[in-house]
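Following: one structure in structure tokens, then a few remarks.
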Amino acid sequence: MTAPSLLYSAAQVRALDDYAIAQGTSGYTLMKRAGEAALRALRSRWPKALEIAVVAGGGNNAGDGYVLARFAQAAGLSVTVLAVTAPDRLGGDARTACQDFRSSGGHIVTYSALLLAQADVIVDALLGTGLSSSVRAPLSEAIQAINACARPVLALDLPSGLNADNGTVMGAAVRADCTISFVALKTGLFLGDGPEYAGRLLFDDLEVTPPPEARFAALLERLGEGEIAQALPSRRRQANKGDFGRVLIVGGGAGMPGAVRLAGEACLRVGAGLVSVATARENLFAIAAGRPELIVRGIDQPDELLELLTAADVVGIGPGLGRSAWAHSVLERTLGCGKRLVIDADALNLLAESGQIAPPGAVLTPHPGEAARLLQISTTAVQADRMAALHALTLRHPGAVVVLKGAGTLVGVNQVAAPSPMPAICERGNPGMAAAGMGDVLTGAIAGILAQCRDPWLAARAGVMAHALAGDDLARERERGILALELADALNRWVNLHR
């Protein structure tokens, strides 16, 4: 089944299970549907596998494993359940599933790590979504053995040991090759370590549909390619460059021409009509010589910005800005200009130092370190719960769109006078983008798209998505050595797909 775009908390998914049961679908029926879906996934992913080892714990996740074992055995596969939790300690539907497997001639043995090597595929049915503390022995030892045995792993619903809400590894977690998630997708599969531990993600809703009730309102939305077309519709034949906005990029302190050049280049590549760069005077030649389409102005005093700010529709500030007295004065003048702003890099660090609030309608693009400074917490705390960090940033800067960069970039806003839209996550992008200048390219992309669509929320979503997709294009050839200027060039394909 095609994976949906909406993501939920573990508590919401458990409530959906209860809702389905209250509507007349028994818990064991849901368990059997999960087992059937898991078997389809296993046979599709590993069609030549004959020996299956199901490593079972003690809850409903184990019940799903016992059902899968029974169905796999009926399909002609050789199945052994390695019981980490003794079968006589099971209760409820999991106990019924175990009894049905045993009644059908199923083979259950006490878990031993030595038996894992005999399997073609290992099924992780140890722990479900209810984990709230670090995994303890013997479950932690089983997880470590699964990860060490060099056999492909199918995880049921969620890799055991992974926090279902924030993607944190709870002491130890199964590294699955494939995970099939049931009923609704959990946020933890997309946040933190979730994508790395889940492997390829499959989904089956088990015929459960979230009802239109507030308690089942999704927490997060997955971004898609359609974001770009929504922000950048086809152009009229009679269009001219004045229709596509004027962008001013402010940054590049003394000796720092590269960052503003990258931001300006990206701005041009996504289709902004006219792009100017205001920078320290000594950077003029380096920028203009490399990209003659940019209008470059040297700025010694903040008053020299007035003409450029007046002419601009959108202002991006921060790339290469530095933290000098010049940078402080330039930022102060820019924050009060009344134009749509994209704020990045040292502009964010200066905001953090001063405690200032970004103007409503601005787009802030912090990486985890900058987010930590804005929130006065550690980078580790930001990464431990990125959703909480995003929420705190949007509360701190009401009306501003926040793009929390990183693996699984998040986009959110706390609207002042209207209901806030659902936060979004970009699951595209790759480790090859962990390179100098990539954030400057994103700043330029968002600013350039904002100049065309005039909507900060749409521009942030589209810019993030185009940036990630362009990076993935480059990573098909190589993961190391991708240059930010290459990515700026690759943006152009993604803003023209709808033609």
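Which is open to solvent by less than 20 Å² (accessible area, probe 1.4 Å), closer than 27 Å to residue 245 by Cα and not hydroxyl-bearing (Ser, Thr, Tyr), of 404, 393? Answer to the check: 404.
Would it be correct to say that residue 120 is touching an Asp or Glu at 6+ places or on another chain (Cβ under 6 Å), in contact (Cβ under 8 Å) with a residue 60 or more places away in the chain and open to solvent by 10 Å² or more (accessible area, probe 1.4 Å)? The answer is yes for residue 120.
Considering only the range 144-181, state which residues are open to solvent by 10 Å² or more (accessible area, probe 1.4 Å) and not in a loop (DSSP other than H, G, I, E, B). Residues satisfying the conditions are 144, 145, 147, 148, 169.
With respect to the stated conditions, residue 357 fails to be among the β-branched types (Val, Ile, Thr), open to solvent by 60 Å² or more (accessible area, probe 1.4 Å) and under 15 Å from residue 263 (Cβ atoms). In summary, strands (runs of 3 or more DSSP E) completely within the range 190-280 and bearing 1 or more residues that are open to solvent by 40 Å² or more (accessible area, probe 1.4 Å) and either under 30 Å from residue 172 (Cβ atoms) or of a type in the set (Lys, Arg) (or both) occur at 200-204, 220-222, 246-250. Cβ-Cβ contacts under 7 Å between residues 6 or more apart (or on different chains), taken from a first residue in the range 56-83 that is closer than 11 Å to residue 32 by Cα to a second residue that is assigned to a helix (DSSP H, G or I) and at pLDDT below 95, are absent. When the residues of the range 362-379 are filtered to those that are small (Gly, Ala, Ser) and surrounded by fewer than 17 Cβ atoms within 10 Å (Cβ to Cβ), the one that is farthest from residue 460 (Cα to Cα) is 378. Where strands (runs of 3 or more DSSP E) fall entirely within the range 305-422, those with at least 1 residues that are touching a residue at least 60 places away in the same chain (Cβ under 8 Å) and either out of contact with any strand residue (DSSP E or B) (no Cβ under 8 Å at 6 or more places or on another chain) or more than 30 Å from residue 217 (Cβ to Cβ) (or both) are at 314-317.
Mind listing just one residue for me: the one in the range 125-143 that is open to solvent by 60 Å² or more (accessible area, probe 1.4 Å) and free of Cβ contacts under 8 Å to residues at least 40 places away in the same chain and, of those, nearest to the chain's Cα centre (by Cα)? Looking at the filtered set, the residue picked out is 132. Among the strands (runs of 3 or more DSSP E) confined to the range 34-121, the ones with at least 2 residues that are polar (S, T, N, Q) are located at 78-83.
Let's see how each residue does on (1) within 36 Å of the chain's Cα centre (by Cα); (2) closer than 26 Å to residue 164 by Cβ; (3) surrounded by fewer than 23 Cβ atoms within 10 Å (Cβ to Cβ):
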| site | (1), (2), (3) |
| --- | --- |
| 13 | yes, yes, no |
| 18 | yes, yes, yes |
| 40 | yes, yes, yes |
| 56 | yes, yes, no |
| 66 | yes, yes, no |
| 76 | no, no, yes |
| 95 | no, yes, yes |
| 100 | no, no, yes |
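Across the range 443-459, the qualifying residues are those that are open to solvent by 10 Å² or more (accessible area, probe 1.4 Å) and part of a helix (DSSP H, G or I), and the one among them that is nearest to residue 340 (Cα to Cα) is 456.
In the range 460-478 there is at least one residue matching the filter, namely being surrounded by fewer than 24 Cβ atoms within 10 Å (Cβ to Cβ), free of Cβ contacts under 8 Å to residues at least 12 places away in the same chain and not aromatic (Phe, Trp, Tyr).
The values are calculated or read from the model by the stated rules, or taken from the named source; none is laboratory data. Note that the structure is predicted; figures quoted are calculated from it, not measured. Positions of Cβ are generated from backbone atoms using ideal geometry, with glycine treated the same way; all protein chains shown enter the neighbour counts. SASA here: full protein model, heavy atoms, side chains in, ligands and nucleic acids out. Shrake-Rupley method; radii C 1.70, N 1.55, O 1.52, S 1.80 Å.
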